[in-house]
Every structure is written in structure tokens, then in C-alpha cells.
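A.B. asks: Quick one: the structure is below, questions incoming.
Just so you know, all these numbers are worked out from the coordinates, no wet-lab data involved. Since this is a predicted model, take the numbers as computed values, not measurements. Backbone-built Cβ (ideal geometry, glycine too); neighbour counts: all protein chains shown.
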Amino acid sequence: MYYMIYVSQAKKPMNTAELDQLLSQSRKWNTAMGLTGLLIYRYSTDSDTGHFIQMLEGDESEVRSLFDKIKRDKRHHTVLTFGSGEIESRMFSEWSMGFKNVDDALFSELPGYARIGEASFDPAAFQQSNTAALDLLKFFHDAH
């Protein structure tokens, strides 16, 4: 099983209707392609920006194909890949696309993650290991 984790910044803050539409499109596509995963959206009131972190899992060619499509999506920019590779089994097997909309208060309670999307966030340092990103995603999965 292949997985990929990325983060990106929304071009503009997304409202509930826009997020619902994105989730609906993602679930249809992922179901058709046999993909599963989790998408987290974080809106920061301090910077008035939205950020995504997502893990996709499935057949490698399908994940890469979707990721190429994601990189071209005009709703976001600055797409940074945190990790990819092989895993023994799906982490999100029950979700064509799980989703969590988190606010600053919840995000700030998670050590090391409150800085994602802020000026002090160092993507290169975060990319050194995908363990932190996997831990964050697993936290939201286990909390559902």
C-alpha cells in the first residue's frame, strides 16, 4: 500500500459550503479510484489563512495521479510533500476521505503543530521526518 502526505495553503479562507463541496468531490473521486485518506483544514484567525494537511493511501499510480491533480488545483498553493512510501495496511480504510476542520485552539494544544502555516514554520525541518505528520493524522483518526 502506498501513501503520501502533503500540506498546502488555501488561496483564501474556505467557508463551510466550500469545504463541503471539496469533501464531496474528494469522496466521489477516491471511491472510484480505490483511495482512502484524511484531510484536515485549519483556519488561523491570527493570519486569516487556511491550511490543509492530507494523507492519501492506495495504489501508487492512483495516489500519484491524484496528487498531480491536487498540485494543479487553484484553491490552494505552496504544496509541500512531507512523506510518501509503502505501508503494510491502510490507516484510514473506513474513510474514502475522512475530514476534520480544526481551529487554532485545538491545533495549539498539539505540540509542534501550531506553527504550520505561520511565518515561524520551517517546512524543511518538518520534512526531515514524516513521523510527526503521521502522528498528527493518527491523532485525528483515533479521536473520531
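A.B. asks: With each pseudo-label sitting 7 Å past Cα toward Cβ, what's the Ala32-Thr45 distance in nm, one decimal?
C.D. replies: Using points 7 Å along Cα→Cβ, the separation is 3.9 nm.
A.B. asks: Looking at the square roots a ≥ b ≥ c of the eigenvalues of the Cα gyration tensor of region 1-64, which shape do they give, rounded for a/c under 1.5, prolate if a/b is larger than b/c, or oblate?
C.D. replies: Oblate is the answer for region 1-64, as a/c is 1.5 or above yet b/c matches or exceeds a/b.
A.B. asks: Starting from the Cα of Gln25, step 7 Å along the direction of its Cβ; do the same at Glu86; then give the gap between the two resulting points in nm.
C.D. replies: Label at Gln25, label at Glu86, 3.4 nm between them.
A.B. asks: List residues of region 46-85, by number, whose backbone nitrogen lies under 19 Å from a label position 7 Å along Cα→C-beta of Lys11.
C.D. replies: 48-53, 67-80
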